[in-house]
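Since the structure comes first, as structure tokens, the remarks are kept for the end.
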Amino acid sequence: MNRNKICPDCEIEYLPHIEKCADCGAVLLLHEEHRQAQEEKKRLMAKAIENAAVVREGDLKWLGKLYNVLIDAGIPCTVISDAGCNKGCCGSKCRLIVSAEDLESAQERVAEYYMEIHPELRASNELLSQGKCPACGSPVGVGDNECSDCGLTLVIIEEENYEEEEGGGGRLDYRH
């Protein structure tokens, strides 16, 4: 019986005594565990989504990352793309879709993922919840859109143009 282990992300095989992938740090699985994990992913990917709801719209690469985040969390989802116009001037529009009943948990998981890849957002949100500007620490009111001392914008609604940094695409909505 093959006791070697496999990285669930990179698909690289390791000797039995190794616990984590040298490339990505994922915990290695035995062959049977890996097969079961792959079957579960396929089941989630294949599950029909009724009463579809859009979690995010944006760049296919970014939505692919979010797709994997949701699938890994056990939330069935799919990415769909509407073709652009026949002239080629309009790009395709991609959407990350879940069932209506999974929408809230999907949005929560995506928000958690944003906090994982950008931990500074958590600190900023904590300061805002305390009524302080994340940049200068000055008091700010609940309805303020910007800090009266330093001018920092406190309400950010950004669609699809969050792709420049690691992560990207999608909707950020920070309000206090």
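Is it the case that G151 is modelled with pLDDT under 85 and exposed (fewer than 13 other Cβ atoms within 10 Å of the Cβ)? The answer is no for G151. Screening the range 44-86 for residues that are at pLDDT below 70 and assigned to a helix (DSSP H, G or I) and picking the one that is surrounded by the fewest Cβ atoms within 10 Å (Cβ to Cβ) gives A46. The residues of the range 87-98 that are out of contact with any helix residue (DSSP H, G or I) (no Cβ under 9 Å at 6 or more places or on another chain) and modelled with pLDDT of 85 or more amount to a single one, I97.
The values are calculated or read from the model by the stated rules, or taken from the named source; none is laboratory data. Here the structure is a predicted model, which means the values were calculated and not measured. Cβ coordinates were reconstructed from backbone atoms using ideal geometry, including for glycine residues, and neighbour counts include every protein chain displayed.
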